[in-house]
Amino acid sequence: MVERALVKKRVLVVEDNELNLKLFCDLLAAHGFETDAVRDGRDAYGRARAFTPDLIITDIQLPHVTGLELIAEMRGDAALASVPIMAVTAYAGLGDEERIRGAGANAYVSKPISVARFIGVVNDLLEAGPVGDSPPRASSSAVA
Ligand code: MN
């Protein structure tokens, strides 16, 4: 507990809906994480590079830049490629989840969120640490 208080894990939240953004950041803060919030997808990439998060949580339905584009952009950046990404979206179709994972997200949580699942996935991703150390699971991960 003491160690966790001294070295807070950093979570960047990209979400254009004010209520969801506050909910996610409040939940994360209550669980001892340091958060930074981005409302406009166009700001996410620069903020991620500046904040150096341990985890990125991103909405998929964003104005200007979609979450899928953001994920792909971060996966293509040497400084961000190993940061776990959790996608959060209201659209929970099977094809959507495949596209989200195909873009490079490591986990997917549907909205409206279950608080327990949201925090559970956050903890799982942070405990697993940086991504890309082990070979990717068999999937259509053809890199464009
Ligand atoms: Mn949205």
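Figures for the structure shown
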| item | result |
| --- | --- |
| Residues Thr58, Thr66, Thr52 arranged by fewest to most Cβ contacts within 10 Å | Thr52, Thr66, Thr58 |
| Debye, to nearest 20: dipole size of the chain, +1 on Lys, Arg Cβ, -1 on Asp, Glu Cβ | 140 |
| Chain lengthening between Arg42 and Ala128 when straightened (0.36 nm per residue, less Cα-Cα) | 28.1 nm |
| Average Cα contact separation per residue, the chain, under 8 Å, 6 or more apart, as relative contact order % | 20 |
| Computed E for Glu97/Val65 - FRET, C-beta separation, R0 25 angstrom, nearest 0.05 | 0.80 |
| Region 2-128: C-alpha gyration tensor shape, a/c 1.5 cut-off, then a/b vs b/c | rounded |
| Estimated distance in nm for a label pair at Val7 and Asp26, the labels positioned 7 Å out from Cα along Cα-to-Cβ | 3.1 |
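Readers should treat all values here as calculations from the given coordinates under stated rules, not as data from a laboratory. If you're wondering where the values come from, they're calculated on a predicted model, not measured in any experiment. Reconstructed Cβ throughout: ideal geometry from the backbone, glycine too, with neighbour counts over all protein chains shown.
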